[in-house]
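The values are calculated or read from the model by the stated rules, or taken from the named source; none is laboratory data. Bear in mind that the values here come from a model prediction, so they are computed numbers and not experimental data. Virtual Cβ from ideal backbone geometry, glycine too; neighbours counted across all protein chains shown. Side chains included, ligands, DNA and RNA excluded: accessible areas come from the protein's heavy atoms. Shrake-Rupley method; radii C 1.70, N 1.55, O 1.52, S 1.80 Å.
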Amino acid sequence: MAQAKSSHVRRKSGSMPGSTHVAIIGAGRGGTALMEIFANDPLVEIVAVAETNSAAPGLGLAKRLKIPITRDYRLLLNLDRVDLIIDVSGSPEVWKVLQDFHRMGVTILGGASAKFMWELIEARIRATGEIEKTLNKYQSLYRLYVKETGAAVTEERTRIACEIHDGLVQSLAGVNFKLELSQQLLRKNPKASLATLRESKQQLKLAIQEARQVIFNLRPLQYDKMELIPGLTNYLKSYQTQSRVKTEFTVSGDEQILFPRTKIFLFRIVQEALSNVAQHAKASRVSVRLEIDFDKLTVTIADNGVGFDMEQVLHNPEKWDHFGIRGIVERARLVGGEATIQSKKGRGTTIVVEVPLGKKETPDDGEN
């Protein structure tokens, strides 16, 4: 270990004029705490550390900070530039010597006072560490929120693209084919051409209905009024006609206490769940129950379909996405709620979404 001698101790580079020069006796817990806090203080310069125990935890820190180290604490008493000597060695012999030491301009701090000081410093370091952990935790949650929001947007775009491709585009392609056929038959067989035109007209009407449904799905709620219940009512009627799955919709409570953002996410959750019923459940009926209390919103979607093995789905990311569970769970989280899914083979599926309601919205809430 380097020897701290009066002729070799110099102010560290970059130290501010008028800074306090501190020497520390002891590199245990107390000395370590002092070094950690003083090292970041521009008004304090640690000029030397004295420690006899080569295994003391603070020696490594002192070396990293390039602080001179000595085994003989008496050398610190003779340093040219020292304003404060702090004894945290815990040695009665050292403290007795320091009490008899008197030198103009040098303050000695030790015993109970020094212990109290480094314990306060240590507590501050621990508190700072806890604050950093908390900040890191919330930063991680924020990153997760951004990630889930982005995933939800991507998923919504994919769903809409599939809806347009499988429905509207296919219908328009069929109309185009029939019009080409009608054009070919126009001279050879006018009656057949006329029949084909009638079929094209009917198919075009269906395509227009599908286009209107796509537009409705993009903006299901009237954004000037943000009415959830009428929006769900219209959607379920259209869903029953297209999917041929009998739907039942029951409501209790007043939707006026809901935030607009909550209404939009809730509609998307119901939409996702019913889409899964139509694609996978092979159900003949599905019920949607919306319960709005002052402190909690609950929506329950239950079908009588084939169901699935929940355990297998939970352990298989592909099935998790395939059955649309991820989108439902993430949307529920984004409004501060929770989604639970219960399903068994041959017994249908029940989805319950619960969202705690804090306060009644103000006119400005949810505008964006």
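Stretching ARG285 away from ALA211 to a fully extended chain increases their span by 24.1 nm, per 0.36 nm per residue minus the current alpha-carbon distance. According to the Kirkwood relation over distinct C-alpha pairs, the hydrodynamic radius of region 18-116 is 13.3 Å. Taking all protein chains as shown and a probe of 1.4 angstrom, PHE267 keeps an accessible surface of around 0 Å².
Taking amide H positions as modeled 1.01 Å from N, with prolines and chain starts lacking one, the residues under 5 Å from GLY305 and 5 or more places away or on another chain are GLY348, THR349.
Taking LYS345, LYS178 and ordering them by how much accessible surface each has at a 1.4 Å probe, largest first, produces LYS345, LYS178. Each residue was assigned an accessible area with a 1.4 Å probe, and for ASP83 the value is about 60 Å². Near ALA283, within a Cβ-to-Cβ distance under 10 Å, what is the net charge of the other residues, with Lys and Arg +1 and Asp and Glu -1? Within the 10 Å Cβ shell, the charges total +2.
Placing THR241, THR20 in order of accessible area, with the largest value first and a 1.4 Å probe, yields THR241, THR20. Note on VAL306 and ARG126: the model spin-label points, each 7 Å out from Cα along the C-beta direction, lie 5.9 nm apart. Taking all protein chains into account, the per residue accessible area for region 265-309 stands at 39 Å² (1.4 Å probe). When the residues ILE86, ILE108, ILE131 are ordered by accessible surface, computed with a 1.4 Å probe over the protein chains alone, the sequence from largest down reads ILE131, ILE108, ILE86.
Once a ≥ b ≥ c are taken as the square roots of the eigenvalues of the Cα gyration tensor of region 49-98, is the result rounded (a/c under 1.5), prolate (a/b larger than b/c) or oblate (a/b not larger than b/c)? Verdict is oblate for region 49-98.
In the assembled protein chains, GLU45 presents an accessible area of approximately 0 Å² (probe radius 1.4 Å).
A viscosity of 0.692 mPa s and a temperature of 37 °C, combined with the Kirkwood radius over Cα pairs in Stokes-Einstein, give a translational diffusion coefficient for region 270-320 of 262 µm²/s.
Modelled this way, with points 7 Å down the Cα-to-C-beta line, the labels at THR340 and GLU354 are 0.6 nm from one another.
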